[in-house]
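The next block holds one structure in the form of structure tokens; read it before the comments.
The values are calculated or read from the model by the stated rules, or taken from the named source; none is laboratory data. Worth saying up front: this structure is predicted, and the values here are computed from it rather than measured. Note that we place each Cβ from the backbone using ideal geometry, even for glycine, and neighbour counts take in every protein chain shown.
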Amino acid sequence: MSYVDEVYERVVAQNPAQPEFHQAVKEVLATIRPVIDENEEEFRRDALLERLTTPERQLLFRVPWIDDKGQVQVNNGYRVQFNSAIGPYKGGLRFHPTVTLGTIKFLGFEQIFKNSLTGLPIGGGKGGSDFDPKGKSDREVMAFCQSFMNELFRHIGPNTDVPAGDIGVGGREIGFLYGQYKRITDRYESVLTGKGLSYGGSLARTQATGYGLIYFLDAMLKANGKDIKGQTIAVSGAGNVAIYAIQKGQQLGANVVTCSDSSGWIYDPDGIDVDVLREVKEVNRARLTQYKEKRPNSVYHEGKGVWTTKCDIACPCATQNELNLEDAKTLKANGCYCVAEGANMPTTLEATEYIQSQGMLFSPGKASNAGGVATSALEMSQNAERLSWTFEEVDSQLNRIMNNIFKNVDDAARKYGMEGNYVAGANIAGFLKVADAMKAQGIV
Ligand code: NDP
Ligand code: 2IT
């Protein structure tokens with residue numbers, strides 16, 4: 001059996017009931033196979049892939065807090081510190097009722113390669129909880145965040161591990177987490193990113209993942225003789241990534257006609273109104289039915305179905321495995337020629353294979369959504385020099401980084417004879433830097 005297959009079997013055997021983690025590992029191992037095959041003996045001797053697929057450290061903790069009725073609630077807390085070969089662990093925190101250790105491990109594993117692709121010195125990590133911020137009062141969210149930090153603080157630090165936001169963790173949660181960290185440690189330092197502008201946050205971090213996705217998409221389209229201008233885009237999600245992908249898509253001349261949340265989805269033939277969407281989601285924390293009320297020309301559909309929309313380009317920006325084989329076939333049948341991932345692993349393996357087999361363009365999230373974490377690293381730089389850069393400065397660096405990522409991914413795919421396969425290109429380019437650093441640092 002080849003070394004790659006052996007390691008995959010080992011991962012499945014040692015991490016039972018973690019299908020998302022298996023899926024993420026399977027995709028990466030399958031596509032870096034040509035790199036491993038070149039030097040299989042050495043990689044095997046050094047157990048490099050076993051080390052790469054085993055987190056350096058996994059923290060699981062109890063998070064007790066008191067709800068508004070005086071009832072004590074208990075949630076699970078997680079932080080997986082996956083790989084620090086190229087920098088301190090970096091990656092978001094996800095608060096969502098579906099979160100398990102397997103979810104956090106898949107996200108932490110993806111983060112290793114994504115962070116490597118940014119070209120910045122950040123390792124891979126991820127954390128979170130099965131806590132559901134939906135429907136909770138601000139006081140309840142604060143109580144949970146404070147309790148979560150009461151344990152997390154001893155494991156993180158500006159040169160150790162720097163968490164940020166993800167699903168269910170935005171500016172409000174980062175603020176509560178930061179306040180508690182500072183209170184416990186008496187240290188005002190860059191231990192979280194995505195902070196508010198009044199206490200060390202970076203301009204353009206809020207927009208960065210969505211804007212970065214569109215900068216990457218733009219570069220990919222141009223390299224393939226196409227133009228984003230005038231294209232119809234279907235976006236899923238209605239959160240941080242989706243909102244700013246829609247905004248930047250519109251700024252570059254595309255017509256973005258959909259968004260979705262966990263209850264349903266909106267088709268707006270006139271183009272999604274970002275101001276209305278922000279008011280509904282960022283201010284009111286409401287359902288998309290409220291968007292429909294404010295935009296009578298739009299159509300609200302209950303449940304799933306956003307990928308039945310006729311579009312040129314699809315941008316899944318909600319959650320993992322939200323675009324399956326059937327969706328991919330529907331998109332193709334309706335004339336869609338490109339899928340650019342804003343979320344982490346939103347496309348199933350079968351759907352990805354189908355999309356690529358049809359000659360459609362496909363960008364994996366670890367490349368096209370890397371703008372968020374890249375800008376988090378820029379926030380760390382600003383904090384380190386105790387300065388704040390202008391919006392334009394950060395945005396232009398983000399644009400440059402996303403174009404560089406596209407170029408490196410494209411080059412790596414070509415070099416290994418897989419031109420246009422940006423999944424392989426991203427995994428190979430991300431892997432090479434981390435593997436080199438791991439080799440140089442000995443058996444740790
Ligand atoms: P948000 O919490 O801001 O928004 C998530 C959106 O997706 C919401 O509209 C939510 O619906 C919907 N959603 C979440 N879970 C599900 C589900 N199980 N089924 C259907 N819809 C769902 O998160 P973000 O926008 O920050 O994150 C979206 C994706 O992007 C995630 O995959 C995340 O890992 C990834 N990402 C985020 C980055 C960031 O900087 N924030 C950076 C890189 C990647 P509802 O409103 O009903 O909850
Ligand atoms: O998936 C991701 O890259 C994020 N949620 C952002 C992580 C970060 O540290 O900014």
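Numbers at a glance
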| item | result |
| --- | --- |
| Residue count, the stretch 253-273 (criterion: surrounded by fewer than 23 Cβ atoms within 10 Å (Cβ to Cβ) and touching a Leu at 6+ places or on another chain (Cβ under 8 Å)) | 3 |
| Residues of the stretch 106-132 that turn out to be in contact with a strand residue (DSSP E or B) (Cβ under 7 Å, 6 or more places away or on another chain), of a type in the set (D, E, K, R) and crowded, with 22+ Cβ neighbours inside 10 Å, as a count | 1 |
| Any hit, the stretch 302-321, residues being in a strand (DSSP E or B), crowded, with 17+ Cβ neighbours inside 10 Å and without any contact (Cβ under 8 Å) to a residue 40 or more places away in the chain | no |
| The stretch 40-69, subset within 21 Å of the chain's Cα centre (by Cα) and of a type in the set (D, E, K, R), residue nearest to Glu151 (Cα to Cα) | Arg57 |
| Odd one out for Val191, checked against (1) assigned to a loop (DSSP other than H, G, I, E, B); (2) at negative phi; (3) in contact (Cβ under 8 Å) with a residue 60 or more places away in the chain; (4) buried (at least 23 other Cβ atoms within 10 Å of the Cβ) | (3) |
| Residue among Ser388, Ser357, Ser363, Ser368 that alone is surrounded by fewer than 23 Cβ atoms within 10 Å (Cβ to Cβ), over 20 Å from Gly87 (Cβ atoms), at pLDDT 95 or above and in contact with a helix residue (DSSP H, G or I) (Cβ under 7 Å, 6 or more places away or on another chain) | Ser388 |
| Hey, Gly135 surrounded by fewer than 21 Cβ atoms within 10 Å (Cβ to Cβ) and over 17 Å from Pro55 (Cβ atoms) or not | yes |
| Of all residues in the stretch 327-354 being surrounded by fewer than 19 Cβ atoms within 10 Å (Cβ to Cβ), of a type outside the set (D, E, K, R) and part of a helix (DSSP H, G or I), the one that is nearest to ligand 2 (Cβ to nearest atom) | Leu349 |
| Top-ranked residue in the stretch 282-301 [being under 14 Å from Val257 (Cα atoms) and not in a loop (DSSP other than H, G, I, E, B); ranked as nearest to ligand 1 (Cβ to nearest atom)] | Tyr291 |
| Tally, over the stretch 76-105, of residues that are under 12 Å from Gly128 (Cβ atoms) and surrounded by 21 or more Cβ atoms within 10 Å (Cβ to Cβ) | 13 |
| Residue under evaluation Glu279, criteria (1) within 15 Å of ligand 1 (Cβ to nearest atom); (2) touching a strand residue (DSSP E or B) at 6+ places or on another chain (Cβ under 9 Å); (3) of a type outside the set (A, V, I, L, M), criterion not met | (2) |
| Where a residue in the stretch 115-144 is in contact (Cβ under 8 Å) with a residue 60 or more places away in the chain and its partner, wherever it lies, is of a type in the set (Asp, Glu) and more than 15 Å from ligand 2 (Cβ to nearest atom), with Cβ under 7 Å and at least six apart | Ser137/Asp68; Arg139/Asp68; Glu140/Asp67; Glu140/Asp68 |
| Meets criteria (farther than 19 Å from Ala245 by Cβ, surrounded by fewer than 24 Cβ atoms within 10 Å (Cβ to Cβ) and more than 16 Å from ligand 2 (Cβ to nearest atom)) for Gly425 | no |
| Selection status of Val276, without any contact (Cβ under 8 Å) to a residue 24 or more places away in the chain, of a type in the set (Val, Ile, Thr) and either within 21 Å of Lys134 (Cα to Cα) or crowded, with 24+ Cβ neighbours inside 10 Å (or both) | yes |
